[in-house]
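J.: The structure that follows is given in the form of structure tokens.
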Amino acid sequence: MTRCRLCGSAALASVVDLGATPPCESFLSADQLDLPEPAYPLHLRVCTDCWLAQIPPLITPEETFKEYAYFSSFSTSWVEHARTFVADAAQRVGLGPDSFVVEVASNDGYLLRHVVDRGIRCLGIEPSVNVGAAAREAGVPTLTEFLDPATGAAVRAEHGPADLVVANNVYAHIPDVVGFTQGLRSLVADDGWVSIEVQHLLTLIEENQYDTIYHEHFQYYTVASAARALASGGLSLVDVELLPTHGGSIRLWARPAEAAGEPTRRVAEVLDREKAAGLQELSGYAEFSARVAKVRRDLLRFLIEAAERGETVVGYGAPGKGNTLLNHCGVRPDLLAYTVDRNPYKHGRFTPGTRIPILAPEQIAADRPDYVLVLPWNLRAELVEQLSFVHEWGGRLVFPIPELSIVEVKS
Ligand SMILES: [Zn+2]
């Protein structure tokens, strides 16, 4: 990677080098286990001119999203998050029976179904063929496309401008951040709103969430760098909310520059926090690499000692980010016999790179392991409750991040 994808600068400084890993959503079927598996360098750098943190765009979204394994509706907390969002957004934007809402990367319709329920016209734009088909079956109109300026203009010509454009958990997934932002601008009405949720680099750094760095996330935003990215497509940041999702996300509210007006106090407050954390200079990034190395040592020490005591450890969840953690730490089935996932698509498959079998969740109660390593640590509250049944045989939950913690669950 030689140039910053937002500002074109050549001044890119290393933040953390996680080695070479396969694409984190490329779960293997049994007949792929004897085939070669490509791995790509996973090296996070930050541009010292615009401060956009980024990894090299080695895997195109077309490769990732052709057949995507992530169905948002499998997470109870995501569905609830979406319902609350739609209620709040309807109030802020003043959505009524004549409004039009577009969601980009609408997945299986987990969010837009709440818009449909309110009788508001909507359209999802979702690149994955299999996931988009699930949305249409659930009654959510969905177009199978990637968003770029041409798609945005075509949708506007056919359906009219959108009063609200939602782009949640996608703004990091597109290497052409400028073209994507221009696409958002062509979708939205001149007095409309754009709402974007994306992981916050401030909490990623502060809370050591390095497993959320993977090939499908091309860039990592502060509010400062997100505002620059929005401006590249003619949008102005108006407001920001801090959310607990993904361990810490930002919800950006933007409008076409000519309609935007002054940003709120909250924008200034978050920008101040980012500046105080040193994220507009190299000092804020300096310690991160050493803290990442400590997560690896602590997890390996725990797994090796458990194995030597003859105790059993299995995984819970097979999220994409689990694969950054497992690959970076070098955890294979001798240390983690299997993991389980609620998504039946993954059952009988293997984690990329580390080749750990993925089974159905019922396996845990059948085997009664001593420890369950929770890979989607960001859903901690939800999972401590869901997995409380391990208490029956004295099992414990292990959370690897922000630092290794072992949780004794109560009945
Ligand atoms: Zn830059």
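J.: Which one of 104, 165, 15 has the biggest mean-square fluctuation once the chain is modelled by GNM with Cα springs under 10 Å?
T.: With Cα springs under 10 Å in the chain, the top fluctuation among 104, 165, 15 is at 15.
J.: Right, another one. Please check: in the Gaussian network model of the chain (C-alpha springs, under 10 Å), which one of 197, 258, 126 has the largest mean-square fluctuation.
T.: Taking springs between Cα atoms under 10 Å, the residue moving most is 258.
J.: Something else about it: Kirkwood hydrodynamic radius (Cα pairs, Å) of the chain?
T.: The answer is 22.1 Å.
J.: What's the long-distance tail for segment 62-285, i.e. % of Cα pairs beyond 23 Å?
T.: 45
J.: Starting from the amide H of residue 316, placed 1.01 Å from N in the peptide plane, find each other amide H under 5 Å away whose residue is 5 or more places distant or on another chain.
T.: Amide H to amide H, under 5 Å and 5 or more residues apart or across chains, residue 316 pairs with 340, 373, 374, 375.
J.: Another question, if that's okay. Once you measure Cβ to Cβ distances between cysteines in the chain, which Cys have no partner under 4.7 Å?
T.: Singleton cysteines: 24, 122, 329.
J.: In segment 298-408, how does Rg compare with the Kirkwood Rh, expressed as the Rg/Rh ratio over alpha carbon atoms?
T.: So for segment 298-408, dividing Rg by the Kirkwood Rh gives 0.91.
J.: With the cut-off at 16 Å, report for segment 264-349 the share of all Cα pairs above it, as a whole percent.
T.: 67
J.: Moving on to the next point. Quick one: 283, 388, fewest Cβ neighbours within 10 Å first, how do they rank?
T.: 283, 388
J.: For residue 20 and residue 129, what does the FRET efficiency come to when R0 = 35 Å and r is the distance between their Cβ atoms, rounded to the nearest 0.05?
T.: Step by step, r from the Cβ atoms, then E = 0.75.
J.: What is the ratio of the Cα radius of gyration of segment 319-375 to 2.2 N^0.38 Å, where N is its residue count, to two decimals?
T.: 1.05
J.: ³J(HN,Hα) across segment 173-182 via Karplus (A = 6.51, B = -1.76, C = 1.60, θ = phi - 60°), whole Hz, x for Gly/Pro?
T.: 8, 10, x, 8, 5, 5, x, 5, 5, 5
J.: Right, something else. Suppose the chain between residue 266 and residue 312 were pulled fully straight at 0.36 nm per residue; how much longer would it get relative to their current alpha carbon spacing?
T.: Stretched fully, the residue 266-residue 312 segment lengthens by 11.8 nm.
J.: Follow-up question, since we're still on this one. Given a 10 angstrom Cα cut-off, can you work out which residue in 18, 95, 375 is the most mobile in a GNM of the chain?
T.: Highest fluctuation of the listed residues: 95.
J.: Rounded if a/c is under 1.5, else prolate if a/b is larger than b/c, else oblate: which is segment 12-55, with a ≥ b ≥ c the root eigenvalues of its Cα gyration tensor?
T.: Since a/c reaches 1.5 and a/b is larger than b/c, the shape of segment 12-55 is classed as prolate.
J.: So, one more: Any idea how many Lys pairs in the chain come in under 24 angstrom at the alpha carbon, given 8 or more places apart or on separate chains?
T.: So the count of such lysine pairs works out to 4.
The numbers here are math on the coordinates, done by the rules we state, and not lab data. These figures come from a predicted structure and were not determined experimentally. Reconstructed Cβ throughout: ideal geometry from the backbone, glycine too, with neighbour counts over all protein chains shown.
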